[in-house]
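All remarks here apply to the structure that follows.
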Amino acid sequence: MLLPYLTTQAYNDAHLAAHQREFRFLSESLQEKQVDVERLLEKLAGFQVAIPSWALGTGGTRFGRFPAGGEPRNLEEKMHDVALLDRIARCCGSISLHIPWDIPSDSKAIRSLANDLELRFDAVNSNTFQDQPGQALSYRYGSLSHVDGAVRKQAIEHNLEVVRYGADLGTDVLSLWLSDGSNFPGQNNISGALERTQDSLAAIYKEMPGEFRMFIEYKPFEPNFYATVIPDWGTAYLLAERTGDRASVLVDLGHHLPNTNIEQIVATVLSTGKLGGFHFNDSKYADDDLTTGSIRPYQLFLIFHELVSGLNKKKLPLSSLGWMIDASHNIKDPLEDLLQALEAIQLALLQALIVDTDALNAAQVSNDPAGAGEILYDAFRRDLRPILAEYRLRKGGALSPIQFFREHGLRNELIKQRGKKALATGL
């Protein structure tokens, strides 16, 4: 494997002088604005983003899939790829599994490998949006909302099986997304489907270990286009509130209709104490699963502004929420895509952290929209990449992750080890 032999020292040394000039210039500029650069670096150290096991291979559409070569062929190789990413970026030391795409055949051995790779396990994700080989009953017409109690029982038992895998691996979060719904008017009794879903969630919640949390994800459409059972944050909130204290809402940035004010949703749900976590991606139309920050970077910044503001108000750390990338890479190298996403997420966080909140509050209470906008623009337009580079330097990562990945030919090395036709399991 690449990891034991991978070092960033020589690469960083070659680029150190240029970085130091940029970092010194930015630090002096921020200090003039009373921004504590060391505090920003401390905040970055407390912020980790999970990598999902399914994002390590090439995704695709119903029209095709174009593998990059050298993709991870099993869970162990996926864990090595996450460790490789973390060695470079130093902000993604956890992996999130999708069951049954990535079932740990030997949990003890997998935990031992995770320990060797300095990884931990993030949320475990259930799958009732597909029928698996040998499955007794079909989810064609729903799972937790199905009219047939036997199908609902099967879906409940699957989720509890996922919880057991999670407990064996040392995590305490079940992330749950349902594709349940209807494609045609009259196909389902809409209120009845919601009630059955609520009952099924309650049954799962009742059997989870006491420390386990449940994240409920929503999506307005796809694969059901007329009436999805959990179409929006309000429905997810309602289900979480009725299910219990350890149930909360998960926000996938791509799971919204075009032009939805996601930052307003985030602020509202956070204020209720029912915000559990995020799936990061970006979109032009709907659930495009594009690289985070590649289409709407300003919206990503505004979301983080609301998060930082809300968490500060509640005196909660960044680690109180779950953070994960959920993207599909049809033509990009998956690892390069993830490195780009990680940088975009960290940059949005840093930009939110340097907002002059006192000046912003003053502009808001004096009804000065132009002044408030200028304060936000000033934070968003500032290039904070040297701070990210300094963070990685101090943590033993690479000053420039993509450049390091390419200069060291890491994709070619993976192809040598795994083969040009290696295809990631799962998707």
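Nothing in this text is a laboratory measurement; each read-out follows from the coordinates by a stated rule. Fair warning: this is a prediction, and the values are worked out from it, not measured in the lab. Because the Cβ atoms are built from the backbone with ideal geometry, glycine has one as well, and the counts that use them run over all protein chains shown.
Structure summary
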| read-out | value |
| --- | --- |
| Sequence of Arg411, Arg90 once ranked by neighbouring C-beta atoms within 10 Å, starting from the fewest | Arg411, Arg90 |
| Antiparallel bridge percentage (DSSP; both residues within the chain; nearest 5) | 15 percent |
| For Asp252, distant residues with modelled amide H under 5 Å away | Tyr218, His279 |
| Counting DSSP beta bridges with both ends in the stretch 220-378, the antiparallel % (nearest 5) | 10 percent |
| Backbone N within the stretch 75-107 under 15 Å of label point (7 Å from Lys395 Cα along the Cβ vector) | 82-95 |
| Residues Leu2 and Ser105, FRET efficiency given R0 of 25 Å [Cβ-Cβ distance, rounded to 0.05] | 0.60 |
| Simple spin-label estimate for Gln403 and Ser112 in nanometres, 7 Å along Cα-Cβ | 4.1 nm |
| Cut-off under 5 Å, modelled amide H: who pairs with Gly181 long-range | Val229 |
| 222 nm mean residue ellipticity, helices alone, for the chain (DSSP H n ≥ 4; -39,500 (n - 2.57); rounded to 500) | -15500 deg cm²/dmol |
| Spacing of the two label points (7 Å from each Cα toward its C-beta) at Gln34 and Arg65, in nm | 5.4 nm |
| Residue order, fewest to most beta carbons within 10 Å, for Phe121, Phe63 | Phe63, Phe121 |
| Bridge type composition, the stretch 1-127 - antiparallel percent by DSSP, nearest 5 | 25 percent |
| Segment Glu22-Asn312, extension gain: residue separation times 0.36 nm, minus the distance between their alpha carbons | 101.4 nm |
| Rel. contact order, % - alpha carbon contacts under 8 angstrom, at least six apart, the chain | 23 percent |
| Karplus-derived HN-Hα couplings along the stretch 39-56 (A = 6.51, B = -1.76, C = 1.60, θ = phi - 60°), whole Hz, x at Gly and Pro | 5, 4, 5, 5, 4, 4, 5, x, 10, 10, 10, 6, 9, x, 4, 7, 8, 8 |
| Stokes-Einstein D for the chain, Kirkwood Rh over Cα pairs, 20 °C, 1.002 mPa s (µm²/s) | 95 µm²/s |
| For Trp323, residues with placed amide H under 5 Å, excluding near neighbours | Ala50, Phe278 |
| ³J(HN,Hα), Karplus 6.51/-1.76/1.60, whole Hz, each residue of the stretch 97-113, x for Gly, Pro | 9, 10, 9, x, 4, 9, 7, x, 5, 9, 4, 5, 5, 5, 5, 5, 5 |
| Translational D in µm²/s for the stretch 37-152 (Stokes-Einstein at 25 °C, 0.890 mPa s, Kirkwood Rh from C-alpha pairs) | 148 µm²/s |
| For the stretch 293-306, Karplus couplings with θ = phi - 60° (6.51, -1.76, 1.60), whole Hz, Gly/Pro x | x, 7, 10, 10, x, 5, 5, 4, 4, 5, 4, 5, 4, 5 |
| Whole-number percent relative contact order across the stretch 149-296, with pairs defined as alpha carbons under 8 Å at least 6 apart | 20 percent |
| Least to most buried among Tyr5, Tyr165, Tyr226 (fewest other Cβ within 10 Å first) | Tyr5, Tyr226, Tyr165 |
| Cα gyration tensor shape of the stretch 239-389, rounded if a/c is under 1.5, else prolate or oblate by comparing a/b with b/c | oblate |
| Lys416-Asp383 FRET efficiency (beta carbon distance; Förster radius 41 Å; 0.05 resolution) | 0.65 |
| Relative contact order, percent, the stretch 333-427 [alpha-carbon distance under 8 Å, six or more residues apart] | 26 percent |
